[in-house]
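Working notes, structure below.
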Amino acid sequence: MKMTMTQKAIKIATTKIIGSSQRGTRGVDTTTTARSSSSMRGAIKGQQRWYDQRSSSSRKSSVSFKTRSASRRSPVVHATADDGYKVAVLGAAGGIGQSLSLLLKMNPMISDLALYDVGAIVKGVAVDLSHCNTASTVNGYCGNEELGQALKGCDLVIIPAGVPRKPGMTRDDLFSINAGIVRDLTQGVADHCPNAVVAIISNPVNSTVPIACEVMKKSGTFDKRKILGVTTLDIVRSDEFVSTLKGLDVNDVDVPVIGGHAGITILPLLSQTFPQTSFSKKETEDLTVRIQNAGTEVVEAKVGGGSATLSMAYAAARMGEAILRGLSGESDVYECSYVSSDIVPDMPYFATKCKFGKDGIEEVMPIGDITAYEQEWLDKLKPELKAQIDKGIAFVADAP
Ligand code: LMR
């Protein structure tokens, strides 16, 4: 017998609360509420109050670049087949795509995971993943003729599709192949799930996000709150490098990273590190350059075998989770991401801290106070980032 939404809500909220041992961990944060009707939310909120009374743990997120909010984590509530979100991974058979799909399969907010790729192995990846006993169902879709099915009804689409760098290449060197891939996949989104939030990993992100936005504009479905470039790995790396250098608890560290996602366009704001941390001039310079080159560090270490896959999947899963938490109505969800923005004059796209809400990117935060050293980098990065943005825009505008 089919349960009503209220019955389902009560069942979910009362039977699948996971304890505090899973809270406060970095990475795939499995603590959240499921999407549902208001009655369901009421039931979940009841559980949340119960949970909050017993919990002193707080979520890592910054309200401004100087301070962090201490919003409480919600209880873990598993989605049932028709309660949770539908999420598609486009490029699910690749190095990032497979790891990301696994992490998403562990996310209790997702009820339907659609794995799409042009490689036939994607169907096997879906079967493999479908044997994991978590709440979501998994389906594989192969080739352009199945793209629509994969996307239909999606709330979130994550795009890691494309080719990776080899040693000696810049992310911009991937433009000739990946630009067309992102254009075509975004057209699929415009055609089949124009209201979904789209998170783009495919490089060069500085250009592929403008490409995606232009495609949506051409289709009359552009909503700047719904498209973003995943720069989370820059924050993940910064938090890791800073906590290691300074002997801080990595769960506490939060370094905002602004600009773009390539070389010198990546600008960590070490002066805004939370908790407040002081760095010598040399530490600041070494860390800034290391964070800017961290992707290349991986490319070189893989000696021709590609670029970051595991850490990128981890970062993208964190971003995806933040988006879903925002969509579910949770407040105080912040992540840096590369978005259409007017925060920095003449820079139509820029990465900065964003607040996520029910419609996607709810607010793009200003960059705040920065040091003279950071200002120098900001001045340097602007022409490079602008050129990469213009290249993406022109790619769609000049198309026949
Ligand atoms: C990264 O930052 O690791 C990715 O953008 C992949 C790359 O090419 O560096």
Subject >> Qualifying residues in the stretch 217-234 (those that are part of a helix (DSSP H, G or I) and crowded, with 24+ Cβ neighbours inside 10 Å) - the one nearest to the ligand (Cβ to nearest atom) >> reply: Leu233
**OP:** Note down all Cβ pairs under 8 Å where the first residue falls in the stretch 293-319 and is at positive phi, the second is within 10 Å of the ligand (Cβ to nearest atom) and among the aliphatic types (A, V, I, L, M), and they're at least six residues apart or on different chains.
**Re:** Gly306/Val299
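For every residue, the table says whether it meets (1) aliphatic (A, V, I, L, M); (2) under 11 Å from Ala93 (Cβ atoms).
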| site | (1), (2) |
| --- | --- |
| Leu113 | yes, no |
| Asp117 | no, yes |
| Gly124 | no, yes |
| Asn133 | no, no |
| Val138 | yes, no |
| Asn144 | no, no |
Original post:
How many residues, within the stretch 345-356, are crowded, with 20+ Cβ neighbours inside 10 Å and not hydroxyl-bearing (Ser, Thr, Tyr)?
Top reply: 5
Original post:
Which one is farthest from the ligand (Cβ to nearest atom), of the residues in the stretch 313-336 that are closer than 21 Å to Asp234 by Cβ and among the charged types (D, E, K, R)?
Top reply: Arg325
Original post:
Which one is nearest to Asp172 (Cα to Cα), of the residues in the stretch 201-239 that are β-branched (Val, Ile, Thr) and touching a Lys or Arg at 6+ places or on another chain (Cβ under 8 Å)?
Top reply: Val205
Subject >> Selected residue (only one of Ile361, Ile393, Ile367 is crowded, with 17+ Cβ neighbours inside 10 Å and part of a helix (DSSP H, G or I)) >> reply: Ile393
**OP:** Would you mind telling me which numbered condition in (1) over 17 Å from Asp83 (Cβ atoms); (2) in contact with a Phe, Trp or Tyr (Cβ under 6 Å, 6 or more places away or on another chain) Gly124 fails?
**Re:** (2)
Original post:
Limited to the stretch 140-198, what total is found for residues that are surrounded by 15 or more Cβ atoms within 10 Å (Cβ to Cβ), of a type in the set (Asp, Glu) and either without any contact (Cβ under 8 Å) to a residue 24 or more places away in the chain or farther than 16 Å from Asp223 by Cα (or both)?
Top reply: 3
**OP:** Name the one entry in Val250, Val242, Val299 that is of a type in the set (A, V, I, L, M, F, W, C), touching a Lys or Arg at 6+ places or on another chain (Cβ under 7 Å) and more than 16 Å from the ligand (Cβ to nearest atom).
**Re:** Val250
**OP:** Could you check, for the stretch 358-379, whether at least one of its residues is in contact with a strand residue (DSSP E or B) (Cβ under 8 Å, 6 or more places away or on another chain), of a type in the set (A, V, I, L, M, F, W, C) and within 27 Å of Pro167 (Cβ to Cβ)?
**Re:** yes
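For (1) touching a strand residue (DSSP E or B) at 6+ places or on another chain (Cβ under 6 Å); (2) near the ligand (Cβ under 9 Å from one of its atoms), each residue gets a yes or a no:
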site	(1), (2)
Pro268	yes, no
Pro275	no, no
Ser280	no, no
Ser311	no, yes
**OP:** Filter the stretch 245-261 down to residues that are assigned to a loop (DSSP other than H, G, I, E, B) and either crowded, with 24+ Cβ neighbours inside 10 Å or at positive phi (or both), then give me how many there are.
**Re:** 5
**OP:** May I ask you to say which residue of Ala150, Ala120, Ala196 is modelled with pLDDT of 95 or more and farther than 27 Å from Gly326 by Cβ?
**Re:** Ala120
Original post:
Checking Thr134 against (1) free of Cβ contacts under 8 Å to residues at least 60 places away in the same chain; (2) under 23 Å from Phe356 (Cα atoms), which test does it fail?
Top reply: (2)
Original post:
Can you tell me how many residues in the stretch 266-311 are more than 14 Å from Ser238 (Cβ to Cβ) and assigned to a helix (DSSP H, G or I)?
Top reply: 9
**OP:** Answer yes or no as to whether Glu330 is among the acidic types (Asp, Glu), more than 30 Å from Ala93 (Cβ to Cβ) and crowded, with 19+ Cβ neighbours inside 10 Å.
**Re:** yes
Original post:
Does Glu376 fit the bill of being away from the ligand (no atom under 16 Å from the Cβ), surrounded by fewer than 23 Cβ atoms within 10 Å (Cβ to Cβ), part of a helix (DSSP H, G or I) and at pLDDT 95 or above?
Top reply: yes
**OP:** Keeping to the stretch 164-208, report how many residues are touching a helix residue (DSSP H, G or I) at 6+ places or on another chain (Cβ under 7 Å), among the hydrophobic types (A, V, I, L, M, F, W, C) and either assigned to a helix (DSSP H, G or I) or more than 10 Å from the ligand (Cβ to nearest atom) (or both).
**Re:** 11
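The values are calculated or read from the model by the stated rules, or taken from the named source; none is laboratory data. In this text, all values refer to a predicted model and were calculated from it rather than measured experimentally. Virtual Cβ from ideal backbone geometry, glycine too; neighbours counted across all protein chains shown.
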